[in-house]
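The values are calculated or read from the model by the stated rules, or taken from the named source; none is laboratory data. All values reported here derive from a predicted model rather than from experimental measurement. As a convention, Cβ positions derive from the backbone with ideal geometry for all residues, glycine included, and neighbour counts pool all protein chains shown. We work out accessible area using only protein heavy atoms, side chains counted, and drop any ligands, DNA or RNA first. Shrake-Rupley method; radii C 1.70, N 1.55, O 1.52, S 1.80 Å.
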Amino acid sequence: MESEDPEMEREDAENEREDAENEREDAENEREDEEDERRRLKLVEAITALRGGRKKPLGERSEAAVRVSEFAVTAEGERQKVQLSDLIEGAQQSPAVPTQTRKQLQNLRRSQKTVEQPLSRQESERVQRDLAFQKAAVHVSRWKSVVTQNRRSEQLVFPLNQEPSGPKPLEKVVTGWRVQTPLEQEVFNLLSANKQPIHNPVLSPAEEASLRAMSLEEAQIRRAELQKARALQSYYEAKARRERKIKSKKYHRVQNKARRKEFLKQFDQMVKTDPNGALEELNKMELARMKERMSLKHQNSGKWARSKAIMAKYDEGARRAMQQQLELNKDLTQKVRSSLSNQEEQEDGASDPELLPDFVNDAEPGQVSSNPWMRGELSAEPADAQRSEQEVAAPAAEKEQHEEEEEKEADEEQALLRDFEGRRKLRQKEEEAPGQDVEDSDEEEGPADQDQEEEGLSEFRSLFRGVAEGLKEAAAASTAGCSSAPLEGGLIRIRTVEDAELLPPEDVELLPCSESPPSAPQEEAPPTGQKARGSKKRKRNIELKEVLTKDAKTVTVPLAPTLTDTADGSDEELDQRGLIMEAFAGDDVIADFLRDKRKQEDAAKPKVVDLTLPGWGEWGGQGLKPSSRKRRRFRVKVAPAEPRKDQRLPGVIISEQRNGSLSAHQVSALPFPYENHAQFESAVRTPLGRTWNTERTVKKLTMPKVLTQLGTIIQPMTEEELARKKASAAGAGKEDPHKTKDQKRRARKGRHSQKI
Amino acid sequence: MSSRHKHHQTYTTKMASPDESTVSVSHVGKKKKAPSRYWQELQKEKDEAKDAGAGEGNKEPTTEEAEESNTPKQKKRKFKEKRDQNQDKKCISGKSDPFPGKARIPEDRLQKFKRKEKIKKPPHQHYKLRTMIARSEEASEMAQKQAARFDLLLPEEAGFLEGDEGEDTCLVSQEDIANAVDITSGAKHFHLKLSQFGPYRIDYSKTGRHLLIGGRKGHVACIDWQSKHLMCEINVMESVNDIKWLHSESMYAVAQKKWLYVYDSNGIELHCIRKFNDVLRMQFLPYHFLLATASSTSFLQYLDVSVGKEVVAINTKTGRLDVMCQNPQNAIIHLGHPNGTVTLWSPNQKEALVKMLCHQGAVRSLAVEKNGTYMVTSGMDKKLKVYDIRAFKPLKSYFLPAGASCLSLSQRGLLSAATGDIVQVYRDVWSTPVTKPYMAHRVRGTVWGLHFCPFEDVLGVGHQDGFTSMLVPGAGEPNFDALDANPFRSAKQRQEWEVKALLEKIQPELISLDPTELGHVDRATFEQKHEDRVKALGFDPLAKVKFIPKFKKKGRSSAGHVEKRKKQVAHEDQRDIIRKAMEDKRKTEEERKNKEQKKTLMLSQKSALDRFKK
């Protein structure tokens, strides 16, 4: 304020200073304020401490800060909470807040609702559990139908999705087959390119056409051909089997020889036609030869050979057997000589003469045929030697002669074979013949045989020799007479006058009648039977006589008995009383029976029990009877018995006793689901056993409830299985097979009612 | 069902009239129907259906048709579709099946295998019960159908002797028949002349291959009668009352003068059973392995031959028992008595199950049919009576001039009766009144034993002069069950059958008049059952133990003390009873009160509908 510029400057400076001072002052003031505040706080703290409050005061930020974070809002006053309204108010005024938000805030302020407290841990867990259970229940309930179905099903088969055993139909195999390997793929491509059937039809159109094209005749011819071929094959097989069974050594030797010869012949031919094949054969032979040479077979070195060698000195047979073994060995180890091999040999020999062929070690039969020692033969007889010479392929010079000999030999062999054949046939014939013979003789000697047998039967080889001899004589002597036998006399009862008297008179009457067959029946049945029928119903004591003497039809017999009945009479033990009873039968039989029946009925009737005690409540003594009132009072009445089974059968007494032994095996109480006896009894009416049923029925009736396959793992049912089942059920549109008609009807009804 | 069916010969012969002396070939022509095939029937039915369409002809309803007619339309359509599908399905050869579907079963054949009627379904059932009933019904239906289907395997038919016009078959002699039939059949008529030890009782084994004859004077022989091979022959040196094969042909029982003996087929005595004395008649029950004997001392005894024990001995108290037969259906023994009654017995009851008065005179002989339907009796009053043994009612009564001493029924229901030395055979005695026999033959002595051979058209007659084998066309069952009785069985098969039969042996307790009774629920009351139990145990398990006071020393077991203690116990018991009774009473009272309270409560409550009450 003194000078302009300097003053200004000064002023400025002063101002500045002042400002600074002011600021300082301010700061000082502030500091003082803070100091006050702190002091005050301390005081408050002290006071609160005096009060003993345990609550910790809210901490307050007290640092100086230029910028105050909007999030750390503190209330103005001490211990005051931040009110929403305070915050909102600010927002209301500031234009930055959009009106919409403002409205919302206003609404919020207006609504007085408080937010609910969060649930406690236990409660929230319970809620979660509930939810989880519901979810699981839904999940599990999907299986319910399967479970009930399994429970109700007649039989369960595990494992679940097993392939049906047994051969599958061809169509199924063809359609179910998939291409897997590249080769198969190629084949399929080819097939599809050539319009061959791949899937459903088993026959291609061409094949079907060809099938259709074959006429009946052709088919028949073809069939006949096939039949013939089959028959021939079977004959051949049978023949081979038969020949194999022949045990004769000689036969086999001959046979083998013939075969070998045949083979050689063929081989020679083969050499000309098919050299390669021949070579192969040759190799094979060579191999066999090598094997034989390697082994100790036929070398007379085994146990058997040693034992034979001991015997060889004395036993011709043993010697021969050993000889044979050696011969066999020789045969087998011999080199096959044929034109081909010769050629080869020659070639070989020509090509490398230095290389010695391995057969040099062998005894060479062709070269030293005269020396038996060199051929490995122990002791060959001259004839044998000759034969062996013949067998061996001979040098060319002797060929013709050999051929002749061979032919001869072949003839001999053929003859031998023929001989065998003939013998076999003869044997067969013999086998057949006796049967026929026997039959023939049977036919011829039929009756004679019978006679003989009867004789044989009548001959006793048992204890009763003496009598038997007598019988034999009698059988031989007498043809018709049987009454002459001494023992028989006693058996036929001769009717005495007394007997005739004892028997009822009708017997005597009827005898002549029976002798004349066509005569009309003399004894008519008493007519009372039919008359009495009507009145029979209600009568208690039915006249049994009427029932017994029912209308009897007389039978006429063409032959009259010539002998009286001695069967009963022959019983010596029959006592006289019984006889008389039999004779006079019919007199009191009916009365007896009726009496018996009545007795039984009475016995079975429930008895009335009289419990009156004379002398109680009134005078008692001799001549005094309890009063009728009292007797009535103390009489225990019993329910009337059930009607007897023989109530309506006059001539029958049926016992009413219970069969206790059977009831031990009966079902005593009705089993669970059954509601009445009839149901159960009808359910068990069909027997299960093999005696009464066919095999299939038995299998079905005794089917096990659960069927498992041995050795397989039974996996639990998967979800996919369930889904598949459901899908199949839905796809078929079929209802549960176990659902019965009733269920279906009910379901239908339900639907109906819903509509209404 | 039988597994093996051999051709069994039957006779259907027409015999020459009496004036013709020679038997021409045409008379012996075998009438044999070609076996019926199901498709033939189908054809016939089709024809009949056509006829019916034309307006005439009654067709026999088959099951499938009946089913179809019963089911509603929808099902029918479905069924048709199915059938069409079946028809469309072709074989590989390209031809369609000319007989699609299952073969039909004739109604009558189905009826033959029916076991009881179905029960009516009650309106509401427990689902378990419903399924169970449905399943059992299905099973029994299947069993029935299968059995009917397999009946096809019993192709043989029996025939009878047929006379020319005006010719009685009873006049045809055995020799004529034997000459007319083929050789093997003709050889079945033969006569064994054994005049020394007669009269003879006879018995055929169950398979019909073996014959056992026993002479009154001790001669016993068993014969393979078809090959006439004598297996054994002995003389027991005693009088023989009866003979019987046991379960197989390797053993037989002989009732001799005093005891019962068992021999084997070589005639070696195996057992002498002293418990069975004075046996007069015997019957063997093959499925129970029981030998039932009737003795002159009026005892009916049962011997279990599988274990060799006496099962039961019943004193019938009716005198001498010399008439006996068995009912093959239920294994009940029938006895005939001198007072004209016939009694029925089972081993489980000491008194007769049934007593029937059949004749005025003594009963001479008895026979029961194979199916257990008919019983034929003959008595001293010279009557021959036929009874329906299921209802115990007389059906027919015949008067035979001399009465019949022996009776026998064949498997197919032919009745043979012997009067003196004449053997007569009757056909169908129960359904149609018979006036003359079907066949008659005179043997050389009084007939004592009469028996039809099973599975053969042969009647064996044992008489005074030996044994005669008669040819009776149509007597035997042409089809046999190879698992039960196989006439052609080998020794091995017999052994196997024996083991099986023993395993399947029926216990004697199960014998009762009605063999199906086992399948019934026992409806006896608790008291009855308790009685049975007491009977079986010999004491009452529910009875209270009687208090016996302990002996005490020092004078405390004096009579007064003992009595006092007894009284104490008795009083305690009584108190218990009274307490219990009081408790019961209190409970019932409470219950009643509760009920009443409820009632009053119900009455006091006002319902909204009360205002509508008048």
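From the protein chains alone at 1.4 Å, what is the descending order of accessible area for A:Val173, B:Val461, largest first?
A:Val173, B:Val461
Once amide H atoms are placed 1.01 Å from N in the peptide plane, what residues at a sequence separation of 5 or more from B:Met231, or on another chain, have their amide H within under 5 Å of its amide H?
Under 5 Å from the amide H of B:Met231: B:Cys222, B:Ile223, B:Asp224.
How big is the gap, in Å, between the Cα center of the range A:129-172 and the Cα center of the range B:571-587?
One Cα centre to the other: 58 Å.
Taking the Cα centroid of the range B:132-156 and of the range A:655-713, what is the distance between the two, rounded to the nearest whole Å?
16
Could you check how much of the accessible area of the range B:521-565 is carbon and sulfur, as a whole percent, using a 1.4 Å probe?
60
From the gyration tensor of the Cα coordinates in the range B:521-565, what semi-axes in whole Å does the equivalent ellipsoid have, largest first, with each one equal to sqrt(5λ)?
Gyration-tensor ellipsoid for the range B:521-565: 41, 9, 6 Å.
Enter the accessible area of B:Asp532 (Å², nearest 10), with the probe set to 1.4 Å and all protein chains included.
40
Assuming R0 = 22 Å, can you tell me the calculated FRET efficiency for the pair B:His530 and A:His665, based on Cβ-Cβ distance, to the nearest 0.05?
Calculated transfer efficiency: 0.80.
At a probe of 1.4 Å, how much accessible area disappears from chains A and B on forming the pair, both sides counted, to the nearest 100 Å²?
It comes to approximately 10700 Å² buried between A and B.
Could you state the accessible area per residue of the range B:174-500 in Å², with a 1.4 Å probe and every protein chain left in place?
28
How big is the gap, in Å, between the Cα center of the range B:283-344 and the Cα center of the range B:456-531?
16
So what J values fall out for the range B:514-525 if you push phi through Karplus, 6.51 cos²θ - 1.76 cosθ + 1.60 with θ = phi - 60°, rounded to Hz, Gly and Pro as x?
For the range B:514-525, the Karplus-derived couplings read 9, x, 7, 5, 4, x, 9, 7, 6, 9, 5, 6 Hz, x marking Gly and Pro.
Could you go through the range B:282-291 in sequence order and give the Karplus-derived ³J(HN,Hα) for each residue, using 6.51 cos²θ - 1.76 cosθ + 1.60 with θ = phi - 60°, rounded to whole Hz, and x for Gly and Pro?
With coefficients 6.51, -1.76 and 1.60, one gets 9, 9, 10, 9, x, 8, 9, 6, 10, 9 Hz.
Take the residue pairs B:Lys258/B:Lys505; A:Lys172/A:Lys726; A:Lys597/B:Lys258; A:Lys599/A:Lys630; B:Lys350/B:Lys529; A:Lys605/B:Lys114 and return only those whose Cα atoms are more than 28 Å apart.
Where the Cα-Cα span goes over 28 Å, the pairs concerned are B:Lys258/B:Lys505; A:Lys597/B:Lys258; A:Lys599/A:Lys630; A:Lys605/B:Lys114.
Kindly report, to the nearest 10 Å², the accessible surface of B:Met582 as traced by a 1.4 Å probe over protein heavy atoms only.
120
Which order do A:Glu208, B:Glu157 take when ranked by solvent-accessible area (1.4 Å probe, heavy atoms of all protein chains), largest first?
Most to least solvent-accessible, the answer reads B:Glu157, A:Glu208.
Show the residues, 5+ positions off or on another chain, whose built amide H is closer than 5 Å to the amide H of B:Lys206.
none
Using a 1.4 angstrom probe on the protein heavy atoms only, line up B:Ser250, B:Ser397 by accessible area, largest first.
On the way: B:Ser250 30, B:Ser397 10 Å².
I get B:Ser250, B:Ser397, largest accessible area first.
Taking a ≥ b ≥ c as the square roots of the eigenvalues of the Cα gyration tensor of the range B:174-500, is the shape rounded (a/c under 1.5), prolate (a/b larger than b/c) or oblate? Please list the in-between numbers first.
Details: a/c = 1.34, a/b = 1.01, b/c = 1.32.
Rounded is the answer for the range B:174-500, as its axis ratio a/c remains below 1.5.
Using a simple charge model, +1 on the beta-carbon of Lys and Arg, -1 on the beta-carbon of Asp and Glu, nothing else, what dipole does the range B:279-388 show about its Cα centre, in debye to the nearest 20? Walk me through the numbers on the way to the answer.
Values: 11 positive and 7 negative charges, 53 e Å.
For the range B:279-388, the charge dipole is close to 260 debye.
Determine the gain in length on full extension of the stretch B:Ala559-B:Lys500; use 0.36 nm per residue of separation and subtract their C-alpha separation, reporting nm with one decimal.
Between B:Ala559 and B:Lys500, full extension yields an extra 14.6 nm.
May I ask you to evaluate 6.51 cos²θ - 1.76 cosθ + 1.60, the Karplus curve with θ = phi - 60°, for each residue of the range B:375-391 and list the ³J(HN,Hα) values in order in whole Hz, giving x for glycine and proline?
Computed from phi, the couplings for the range B:375-391 are 10, 10, 10, 9, x, 5, 7, 6, 9, 10, 10, 10, 10, 8, 6, 6, 9 Hz.
Excluding ligands, DNA and RNA, what is the solvent-accessible area per residue of the range B:521-565 at a probe of 1.4 Å, expressed in Å²?
Per residue, the range B:521-565 has 89 Å² of solvent-accessible surface.
Give me the accessible area of B:Glu498, 1.4 Å probe, in Å² rounded to the nearest 10.
We get 40 Å² for B:Glu498.
Mind scanning A:Lys291/A:Lys335; A:Lys699/B:Lys145; B:Lys188/B:Lys228; B:Lys275/B:Lys355 and naming the pairs with a C-alpha gap bigger than 20 Å? If you can, show how the numbers build up before the last one.
Numbers: A:Lys291/A:Lys335 13 Å; A:Lys699/B:Lys145 15 Å; B:Lys188/B:Lys228 10 Å; B:Lys275/B:Lys355 27 Å.
Going by Cα-Cα distance, B:Lys275/B:Lys355 fall outside the 20 Å limit.
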